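A short write-up of the structure that comes next.
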Amino acid sequence: MLAPAGDWECARAAVENGADAIYFGLERFNARMRAKNFTQADLPALMEFLHRRGVRGYVTFNTLVFANEIEAAEDYLRSIIAAGVDAAIVQDVGICRMIRALSPDFPIHCSTQMTITSAAGVEFARELGAQLVVLARENSIAEIEKIQATQTAGTALPLEVFVHGALCVAYSGQCLTSESLGGRSANRGECAQACRLPYDLISDGQQVPLGDKRYLLSPQDLAGLEVLPDLVRAGVASLKIEGRLKAPEYVASITRVYRRELDRVMAPFAPDRAEVRPESNPDGTRAARYELEMSFSRGLFTGWFRGIDNQKLAHARFGTKRGVFLGEVSRVIDESVTLRPHAPVKPGDGVVFDAGNPEAGEEGGRVYQVNERHGEVTLRFGHGDLDWRKIRPGQRVWKTNDPALDREVRATFDGEQIRFQREISLEVHGRAGTPLTLIANDGLGHVVRIESAAPLAVAEKQPLTPERLREQLGRLGGTPFKLGALHFALEGAVILPVSELNRVRREAVAELEKLRAAPKRWTLSDEKLPSPRHRSPRPRARPNSSR
């Protein structure tokens, strides 16, 4: 589960809600220059924080590099590699080759902007020395399965897909509209979001009446929640959430929804991982969709995962955040509206009235009072909050804000408290007269071995049992860990003072954290790369005189 992070708060929001990795940009060479972004000076502290929590960190290097930027790109890459970043997400083929010239082992992830849509593209990524491929967002699940089927077991490159967030109307996010209309390059991180504007449609010189469907280039947001089992079956290794420009509450909310659903999907896997059979959970599905829509939604759709359906992908009614559909206004009386609700609404919620013409401005405000009667609700607002002359029966009402949900989500990451814990496995060995040996393994390659200062003694009563050890060693509150498997290998009925068990547990946790915090050491060449040569243009081929 890969989550976006535009700043420190977003990074904490992702970590505390179960992200396995985050991706973030630095000051240069990333396709979200409007995000706050981190700096190269932030890298050591950020990577230490992530690694202590068992989370990987990827730097986005997903723009094309100009010739006059090559030396700066090399310096930039050196700092990324030296900081122990877990991978770079790269668009430029030349940058992939530069990374390999600098380091034979630093991981490269081919960005979705590289437009890899086929087995041939994956093979090309392998030749570049990549360790993972982020497929283009236009790939269907059937196409992903086909790509995966061509890979050889044991040497297959992991495949990553975007599973949630904004979709670009341009192929694989490579839009030139922003630059052509306003001089701001989307491919250099300065997208002006031209696709979210209303347009006229001209056909054969005549304007086509569009009614309330003028947002012709604005796709709905991607939501792959309902196809997670299919993505797992297709062999997808990583699920990526879009949103480096979004608030930390968005990052927290979307990450926790997908974390819960992915864990639910994976739980019934047989040991051979032959089939996924998640149990049906309608209430959970409705709650999850509600939270996704409230976090940010221009409408949610499965994108291209199920094939091409452009009429559903772009409904064309609006290009901005809506939220949850509440219903249609049936009556407007005495500065109140009545509707038959499609979702819950309560005082304090924010709503907007959709008259089908967003560019003209829309009425909206916070609900002051809710009265329910005969399956309908009447909503009242603060005096003077709305221009009632603009609100009519038939208008759609959207719930755009839920303060209670905002507070709940904020509480998942606010402050310094550790909330999300990852499992560690423990082994205990020993017999009477020898120290108790505790081996802790975090499943990420970090293993520590701690011995008790006092020897185990023969127990006359209440010997150490798996249950007693699980209770005592599982007291991991306030740490990044929770107890998973416990392998009990004590011989005979033995006992050890509780104080010593606690000391061994604390020391094991401290040693694991110390190992995790150590920066990764990638191979990095000391030699400066040769300066790019300035070649003269190739001569044009002469026309074939025989034609």
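Overview of results
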| quantity | calculated |
| --- | --- |
| Check on residue 406, surrounded by fewer than 16 Cβ atoms within 10 Å (Cβ to Cβ), farther than 30 Å from residue 292 by Cβ, of a type outside the set (A, V, I, L, M) and assigned by TED's automatic domain parsing to the domain that holds residue 336 | no |
| Qualifying position, being surrounded by fewer than 17 Cβ atoms within 10 Å (Cβ to Cβ) and of a type in the set (Asp, Glu), among 363, 328 | 328 |
| Residue ID - surrounded by the most Cβ atoms within 10 Å (Cβ to Cβ), chosen from residues in segment 192-204 that are assigned to a loop (DSSP other than H, G, I, E, B) and either touching a residue at least 24 places away in the same chain (Cβ under 8 Å) or at positive phi (or both) | 198 |
| Residues being without any contact (Cβ under 8 Å) to a residue 40 or more places away in the chain and crowded, with 23+ Cβ neighbours inside 10 Å - total across segment 100-113 | 2 |
| Odd one out for residue 245, checked against (1) modelled with pLDDT of 95 or more; (2) out of contact with any Pro (no Cβ under 8 Å at 6 or more places or on another chain) | (1) |
| Among (1) touching an Asp or Glu at 6+ places or on another chain (Cβ under 9 Å); (2) among the small types (Gly, Ala, Ser); (3) over 28 Å from residue 301 (Cα atoms), the one test that residue 375 misses | (1) |
| Answer from 163, 236 - the residue that is touching a residue at least 24 places away in the same chain (Cβ under 8 Å), within 23 Å of residue 295 (Cα to Cα) and surrounded by 18 or more Cβ atoms within 10 Å (Cβ to Cβ) | 163 |
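The values are calculated or read from the model by the stated rules, or taken from the named source; none is laboratory data. This is a predicted model, so every value here is computed, not measured. Here the Cβ is made from the backbone with ideal geometry for all residues, glycine too, and neighbour counts use every protein chain on show.
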